Structures are given as C-alpha cells and as structure tokens.
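*Asks:* Questions regarding the structure given below will be posed in turn.
What follows draws every value from the coordinates through simple rules; no lab data is involved. The structure displayed is predicted, hence computed values, not measured ones. Cβ atoms come from the backbone with ideal geometry, glycine included; neighbour counts cover every protein chain shown.
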Amino acid sequence: MNAVDLQEVFFGYHQKPLLCDFRLSITAGEWLGIVGPNGAGKSTLLKLIANILQPWSGNIMIFDRNLKELSRREIARLIAYVPQESHFAFEWKVEDIVMMGRHPYLRPFVRPAPLDWKAVNEAMELTGVISYRYKGMNELSAGERQRVIIARALAQETDILLLDEATSHLDLYHRTEILRLLHKLSSRKKTVVSVVHDLNEAFSYCSRVAFMKAGSLVSCVNPEGMVDSGLIIRTFGITPVIAHHPVTGRPQFFLPGADRTTGQ
Amino acid sequence: MRVKTVIGWLFLWGVLVSGALLSVLTGPGGFHLSEIGSFLYFRLPRMAIGIIAGGVLALVGCSLQGIMRNPLVDPWTLGVASGAAFGVSLAVVTGAQGSLVLPVSAITGAALAIGFVYLLAGSGINLTVTRLVLSGVIVNFFFSSVVMLMLILRRHTLGEAVYLMMGNLGVVYTAKAFWLLVGCGIVVVLGCGWLFFHSRELDIISLNEETAFSLGIDAAKMIRMTFLVGSVVVGLVVAWTGAISFVGLVVPHMVRMLFGPRHSLVLPGSFVLGAGLLLYADVLVRNLAPSGLPLSVVTALVGVPFFIYLLRKSQ
C-alpha cells in the first residue's frame, strides 16, 4: 500500500500555478528525500501532504483515504510535520512542547492520560532530550531545539513523518545525530519524507531521492545505483563531479571547484 | 499542582479579595454599618464592573499576545476601543440625555469599529494576523482623530468626554441601564469562557501557524475567532468604563512570570490579577481624587515603569 499518493495535483500561490498535474507515490516505510533548487516547490509539496495547504484540484491519498474526507484531527494522527525553524516568543519548557504533539488525542480541560505521558516519554527518550525535559526552549542550542521538535512529531504517533530541511541550520555533529535518528525511525517502518538541502545527505541516508525543479518532478532515483550527471545538470544547472562514498559506495557529489590554472 | 502554582494562585486571589474589600469599604463617605444598604447599592456594582473590566482586558490582552506571538500587544490593537470612544464623544458632543444613551452609543461605536476592521482586513484565507493588526491600528487612528475633531469643535464638553473615555467605573444606575449591563456581562463572560475553552489551541498557535495546522487545529479560523471574540468582549467593556490602559498589556506578563506560558493557567490568572489591580487603581482614584480622575492616569503611572523593566529585561 502507498503511504502517500498525489494524483493530478494542481497548486500555486496568488493565482500563479506552481505544481501542475503533480503525481508522486510514496511507499509505506520508505525514506524519501526531496532535493531541488530554491523555489522548486519542495516545501509546498510537503505542506500539501501535511494539509497545511490545500490543492486547487486533484487528490492526495493517505493510505488510500482521501485527505479531503479526513478531519484535521484524523490527519494529525496520521501525519506529523517538522517545520524548518521554530521561534519561541514565550518561555516554554521542553516537556510542554513535546506534550503538544498529543493535541490530536486530547480533549479540552482533560488532563493528559498515562498513555499520553508514555508517548511523550518514549519520544523524548528516542530523541535524547529526556535529560533536559524541564529546561526552557530558549536555553537550548539549535540542535537540541530541533530534536525537541522531532520529539513532538514522534509523540504524535503517526505513520508518516514530514521534515522540511530539519538539519539545514545545524552543525555537523547535530546533523549526523538527527540523520541517525531518522534512519532508526525509518527502519521501524515509519514513512519519512524529508526536504533535504544537501544532495550528499540525501544520497547517504534516504532510500529514494526525488529531484524537483520548477514545480515538477524531474526524476526519482535509487541512491544505491548509478546517477546520470545529466540529471544534476537539468535540475541544478551545474555540472558536478560524481564519485562514490568510500564506505557506503553510494554516489556523492562535489562542486566543480575553482580552476587552479587560471588562478580563480 | 506544583507548590509554585499554588503560591501563585494564593497571591493572585489575595490581590483580588483585598482589592474587593477595599473597594467596598473605602471611598468618599467612609463606611458605616448603619447605612450598609446604600453603600452596597453604590459600591457593589462598581466593584463588579471593576472586576469584569480588569479581568477581561487582561484576559483578552493575553490571548492576543498568544495568537500574535508578540508579548507587546494589547487590546487597543483591535481598534475597537477607539470606536467606543467615538460613540461616547458623539453622545457627549450632541448633548443627548438618558441613562441608556452613553452605553448604547458606545456599543454601537465599538460594533462599527469591528465592522471596519474586518472590512479592511478582507475575508477568507487572506485574513492574516498582520492584516488584522494593521487594520486595527488604522481604524484606531481614524476614530481617534474624528473624536479629537469633534471635541475641539465643541470645546466646553472636552473635560467630561475625556473623563468618560479614559476610564472610570462610575456608571449611572437606572433599571434599564442595569439590565443592559447584565446583558453585556453575560456576553462578556461567555466570550471569556470561549477563549479559556481554547487554551490548548492558543498554546500551540503561539508557536506558529504551520505547527498548529499540523497538529489538527484550523489556525486561521482560530485566529479570526479570537480576534472577533476579543473585539466584542473588549468593546462591551470599554463601552461602560472607557479605555483603561496598561492592564491588558502588563498583567499577562506578571502572570506568565508566576505560571509560565500555558494559557490554561495564564488566562484565568490574568483575569484574577487584572480584576484585582484595577480595583486597587479605582480605590486609589476614589480616595485621592473624589472629584474624579481617569483610571488610566493611575494604571499608566504604575504600568509604565513595569513596562520599562520588561523591555530592559528582554534585551
């Protein structure tokens, strides 16, 4: 069964179309990385799947159920979304933020049940934030904050996890930690869809990589196979140097580099 | 409940109860047991209005700060207060008589302002927080300047109008006015109840709209409704008391210092503290200047230093 199925989706901003007749199927349990230049519609695609934006026309199926026919609460129990960056105007504690992930299961004025606390504690454990559960969000580093946001998404207990450039603002250490965590999740049968800034990151970790440009899908490739440099040229407009990862054997990409002979 | 929360609540209720006692027991004429009936007749309603006005301003201020993710927002951003002031000054300038004239014209003015704000902000999905705030500010400027113009043209009414517009709890009680007041009170309580009922939604929207959507909340609708409910409720209060400044801005901060940012605690906490502080301000005004001093003079004198302290702290 497909976790997500986009069928003839049309969408744009301010009457200007961006995605036209967009089709994409995402298999349950896979980790799909989405790459492409700025303005390609990667984040828009994610927001359409998360029901933050609604398509002009076409259908988005989640486990064979139409997104339009599900309530917001039901959708929030199927799909979790991690935004690019979060700011906190007020002094929230880590635990409070993670508990917000239980909102689709909570009723007004009813205190969180033991089941909710169990989900919150497990999510904090898995992301390694449990040791600072009582700290304020504004006391944390960017990497720690991003893990808390992922913990919130996990507390939602959804089958699908969407991430919009979740690692872009992080240093190498925190980036690797989060990618490891996502790998662990995807091996536990969670369907992960992440917009990835860095091609090498996508090819090192994802199980499938989708190339997008100007609102359309250029191609989907298996990161364990060969990559045609024409695909990179068509999508990003640069000619990369392609080599293979010395450990995983997967393709990796290098910038052309300045030409030493001309001294530039 | 944690110890800190319990102590916080004790403090808040202490402020409110002591304020209420002072409000009934002090004032021009002191307090005599023999005339308890007439004291209660004049001072109890005044106390009740003080509690509702202070509570509502603080609670709405708190909700608005939440949905706008900005701790420096206050109920005047809605633009509704200036509409009420417009209604009042129109009534004063034209010299209309009758116990219902002032509240009815103020409520009409407030409704007019709400209508203008929504007209300007547009409707449907385009109604974003920024557009609502901008429209509120513009409507505020518009009505303020019209009020100024009217008062300058009828200079002899200036004093009375300013007194009415800048906050006082003295309402003319007649049977008709009483029932109108009770009606407004019921709407106000329902509005506050609605905001309180949506505490968790406000918590999540105070992070960002996308997160709210992805957690199953229609953030756009929630923001629109908070704005509308806040406008109606503040409009009804301001229609009776005039625009009392700083309560809606400063009180939520004080309560967040006690309780943290959770709306299920901060909203009721703000109501209690706002009510208590406004009663204290009213007690001060009545005992220091029995002839009449706008409440905003006192609330601002206390509020400004606290606000400066907050600004310094946030840097």
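*Asks:* Using the Cα atoms as the points, what is the convex hull volume per residue of segment A:83-157 in Å³? Please report the intermediate quantities before stating the final value.
*Replies:* On the way: hull volume 7.1 nm³, N = 75.
Cα-based convex hull of segment A:83-157, divided per residue, equals 95 Å³.
*Asks:* Calculate for chain B the 222 nm mean residue ellipticity that helices alone would give, adding -39,500 (n - 2.57) per DSSP H run of length 4 or more and normalising by residue count, nearest 500 deg cm²/dmol.
*Replies:* On the way: 13 runs with 242 residues, N = 315.
Mean residue ellipticity at 222 nm (helix-derived): -26000 deg cm²/dmol.
*Asks:* Residue A:1: net charge of surrounding residues, Cβ under 13 Å, Lys/Arg +1, Asp/Glu -1, itself excluded? Mind showing how you got there, number by number?
*Replies:* On the way: positive: A:65, A:189; negative: A:5, A:30, A:64, A:159.
Charge balance in the 13 Å sphere: -2.
*Asks:* Hey, what does the equivalent ellipsoid look like for segment B:60-133, semi-axes from the Cα gyration tensor as sqrt of 5 times each eigenvalue, largest first, whole Å?
*Replies:* Working: eigenvalues 164, 41, 13 Å².
They are 29, 14, 8 Å, listed largest first.
*Asks:* I need the Debye-formula profile for segment B:3-314: one equal scatterer per C-alpha, no solvent, reported as log10 I(q)/I(0) at q = 0.06, 0.11, 0.12 1/Å, two decimals.
*Replies:* -0.19, -0.66, -0.79
*Asks:* Picking from A:88, A:119, A:136, whose Cα lies most toward the positive end of the charge dipole for segment A:83-157 (charges on Cβ: Lys, Arg +1; Asp, Glu -1)?
*Replies:* In segment A:83-157, that residue is A:119.
*Asks:* Expressed as a whole percent, how much of the Cα-Cα distance distribution for chain A exceeds 28 Å?
*Replies:* Beyond 28 Å sits 38 percent of the P(r) for chain A.
*Asks:* Now, a different point. Report the charge-dipole magnitude of the protein assembly as shown in Debye, nearest 20, computed about the Cα centre from +1 at each Lys and Arg Cβ and -1 at each Asp and Glu Cβ.
*Replies:* On the way: 47 positive and 36 negative charges, 140 e Å.
Using Cβ point charges on Lys, Arg, Asp and Glu, the protein assembly as shown gives about 680 debye.
*Asks:* Here's something else I'd like to know. Using the count of nearby Cβ atoms within 10 Å as a rough guide to exposure, how do A:52, B:205 rank from fewest to most?
*Replies:* Working: A:52 20, B:205 27.
Taking fewest neighbouring Cβ atoms as first place, the list is A:52, B:205.
*Asks:* Next up: I'd like the Karplus ³J(HN,Hα) series for segment B:47-63: coefficients 6.51, -1.76, 1.60, θ = phi - 60°, whole numbers in Hz, and an x wherever there's a Gly or Pro.
*Replies:* In residue order, the calculated couplings are 5, 4, 5, x, 5, 5, 4, x, x, 5, 4, 5, 5, 5, x, 5, 4 Hz.
*Asks:* Right, here's the next one. Given the options B:254, B:222, B:148, which has the most mean-square fluctuation in a GNM of chain B, springs set between C-alpha atoms less than 10 angstrom apart?
*Replies:* Judging by the Gaussian network model, the answer is B:148.
*Asks:* Between rounded, prolate and oblate, where does segment B:77-229 land on the alpha carbon gyration tensor, with a ≥ b ≥ c its root eigenvalues, rounded for a/c under 1.5, else prolate if a/b exceeds b/c? Please list the in-between numbers first.
*Replies:* Values: a/c = 3.12, a/b = 1.71, b/c = 1.82.
Cα axes put segment B:77-229 in the oblate bin.
*Asks:* A further question follows. Please pull out the direction-averaged projected area of the protein assembly as shown, using the convex hull of its alpha-carbon atoms, in nm² to one decimal place. Write out the running numbers ahead of the final one.
*Replies:* Values: hull surface 132.0 nm².
For the protein assembly as shown, the mean projected area of the Cα convex hull comes to 33.0 nm².
*Asks:* Taking the Cα centre as origin and putting +1 on Lys and Arg beta-carbons and -1 on Asp and Glu beta-carbons, what dipole magnitude results for segment A:167-216, to the nearest 20 debye? Walk me through the intermediate numbers first.
*Replies:* On the way: 8 positive and 4 negative charges, 74 e Å.
The dipole of segment A:167-216 has a size of about 360 debye.
*Asks:* Separate question: With unit charges on the beta carbons (Lys and Arg positive, Asp and Glu negative) and the dipole taken about the Cα centre of segment A:161-253, which residue among A:218, A:161, A:173 sits farthest to the positive side?
*Replies:* Going by the Cα projections, it comes out as A:161.
*Asks:* Could I ask something else about it? Whole-Hz ³J(HN,Hα) for each residue in segment B:144-157, computed from phi via Karplus 6.51 cos²θ - 1.76 cosθ + 1.60 with θ = phi - 60°, x for glycine and proline: what do you get?
*Replies:* Karplus values, whole Hz, x for Gly and Pro: 4, 6, 5, 4, 4, 4, 4, 5, 5, 5, 10, 4, 5, 8.
*Asks:* Sticking with this structure for a sec: Based on a Kirkwood Rh over C-alpha pairs, give the Stokes-Einstein translational diffusion coefficient of segment A:50-101 at 10 °C and viscosity 1.306 mPa s in µm²/s. Don't jump to the answer; show the numbers that get you there.
*Replies:* Working: Rh = 13.4 Å.
Rounded to a whole number, D works out at 119 µm²/s.
*Asks:* With chain B treated as a Gaussian network of Cα nodes joined by springs under 10 Å, which of B:19, B:54, B:193 yields the largest mean-square fluctuation?
*Replies:* B:193
*Asks:* For segment A:1-126, what is Rg from Cα atoms divided by 2.2 N^0.38 Å, rounded to two decimals?
*Replies:* 1.22
*Asks:* Right, here's the next one. Rounded to the nearest 20 Debye, what is the dipole magnitude of segment A:83-157 about its Cα centre when Lys and Arg each give +1 and Asp and Glu each give -1 at the C-beta?
*Replies:* On the way: 10 positive and 10 negative charges, 37 e Å.
So the dipole magnitude of segment A:83-157 works out to roughly 180 debye.
*Asks:* Ordered by residue, what ³J(HN,Hα) values in Hz, to whole numbers, does segment A:190-201 give under the Karplus form 6.51 cos²θ - 1.76 cosθ + 1.60, where θ = phi - 60° and Gly and Pro are x?
*Replies:* Those phi angles translate into 7, 8, 10, 10, 10, 7, 10, 7, 9, 3, 5, 4 Hz.
*Asks:* Let me ask something else about it. With unit charges on the beta carbon (Lys/Arg positive, Asp/Glu negative), name the residue among B:144, B:15, B:190 whose Cα is farthest towards the positive pole of the charge dipole of chain B.
*Replies:* B:15
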